[in-house]
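Here's the structure, in structure tokens; my notes come after.
Each reported figure results from applying straightforward, stated rules to the coordinates on display, with no laboratory input. Keep in mind that what you see is a predicted model, and the values were worked out from it rather than measured. Note that each Cβ is placed from the backbone with ideal geometry, even for glycine, and that neighbours are counted across all protein chains shown.
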Amino acid sequence: MNAFLQHFSFEFRTGIRNRSLLFMTYLFPLAVYLMISALMSAVNPTFGETLIPAMIVFAILSGTLLSLPDTLVTARKAGIFRSYKINGVPASSILVIPALSVFLHLVVIAVIITVSAPLLFKAPLPVNWGGFALVFVVAAAVCAGLSLLIGVISTSSQMTVLWAQLVFLPSMILGGLMMPASILPEALGKLALLLPTTYIMDAFRGLAMGLPTSFDPWASLAILLASGALAFGLALYLFNWDSNDASQSRPRWLAVLAIVPYVIGMVASLT
């Protein structure tokens, strides 16, 4: 436990000095939060109902998908993981500690958004703080797990960008952040059920904001937890200490299993 805490302390302090991480975790999501909130509040009055959770979800996506994968790839290529292996650091710590470090930053950004949004944009506060905190923790864990999986299976920084954008961009457009998923065309609405943000926003609406939902928000949480557990488990199974050691490689296509819970959710919505 002492070694874990020391490793976590080192990772957290290193992250604070990492300009790229700070930009993706704080400056970028805060700038987008101010810009999008001002714009959408003017053109779409109903956006204010979910402004706080939507902007927090955006911050989660930015802090995880757009930063965590590249951190893993860079460390692996630099031989840092080999050093960890020699010194007895388990693979689980290498994956969990960066996620925990990012989670602490996400808590700070979530507090900033939650406190400032009612003052700046008259956004309503959650009606159920327990549900709000629960969904936030689950959302951060799921996106962190997916980000770690992307970092594990990617062979280069360019690949992390490609895989991350395949999730990030559709999530922004179809995942319920800018508009309720219920108003999407039927085909796009079904496609959106393959995205974690669709379930995250539905859970936020039902369990935190007291708003109508497309389906049972507890079922959304169950799907998210299943996917998050799969993503973490697959990341650990596919973890490679050295990108130059082909003997450690395992079939990367197994990563697609992380979306199985979302496929089940989509199929269930058709019945």
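Using only Cα atoms and rounding to the nearest 10 degrees, what angle (0 to 90) does helix 51-64 make with the longest principal axis of the chain? Here the helix axis deviates by roughly 10 degrees. Charge dipole (Cα centre; +1 on Lys/Arg Cβ, -1 on Asp/Glu Cβ; no other charges) of the chain amounts to roughly 560 debye. Figure legend: label point modelled 7 angstrom from the Cα of Y237 along Cα→Cβ; residues of the range 72-106 with amide N under 16 Å from it are 92. Each of T198, P124, F103 was scored by the projection of its Cα onto the charge dipole of the chain, and the greatest displacement toward the positive side belongs to F103; charges sit on the C-beta of Lys, Arg, Asp and Glu. Annotation: the residues D202, D70, D242, sorted from fewest to most other C-beta atoms within 10 Å of their own C-beta, follow the order D242, D70, D202.
Suppose we look only past 22 Å in the calculated P(r) of the range 55-161. What percent of the Cα-Cα pairs does that tail hold? Value for the range 55-161: 40 percent of Cα pairs lie more than 22 Å apart. Note down, for the range 2-270, the three equivalent ellipsoid semi-axes (square root of 5 times each alpha carbon gyration tensor eigenvalue), biggest first, whole angstrom. Values for the range 2-270, descending: 32, 21, 16 Å.
Working note: 222 nm ellipticity from helices only, DSSP H runs with n ≥ 4, each -39,500 (n - 2.57), summed and divided by the residues of the chain, gives -22500 deg cm²/dmol to the nearest 500. Between Q165 and K77, the modelled label-to-label distance comes to 1.7 nm, taking each label 7 Å out from Cα in the direction of the beta carbon.
When each of Y199, Y237, Y262, Y84 is scored by the number of other beta-carbon atoms lying within 10 Å, the sequence from fewest to most is Y237, Y84, Y262, Y199. Amide H contacts under 5 Å for S156: none, restricted to partners 5 or more places along the chain or on a different chain, H placed in the peptide plane at 1.01 Å from N. Per-residue Karplus couplings for the range 86-98, computed as 6.51 cos²θ - 1.76 cosθ + 1.60 with θ equal to phi - 60°, are listed in order as 4, 8, x, 7, x, 4, 4, 5, 4, 8, 6, 5, x Hz, Gly and Pro entered as x.
In what order do S171, S269 fall by count of nearby beta-carbon atoms within 10 Å, going from fewest to most? It would help to have the intermediate numbers written out before the result.
Details: S171 23, S269 12.
Ranking S171, S269 by Cβ neighbours within 10 Å, fewest first, gives S269, S171.
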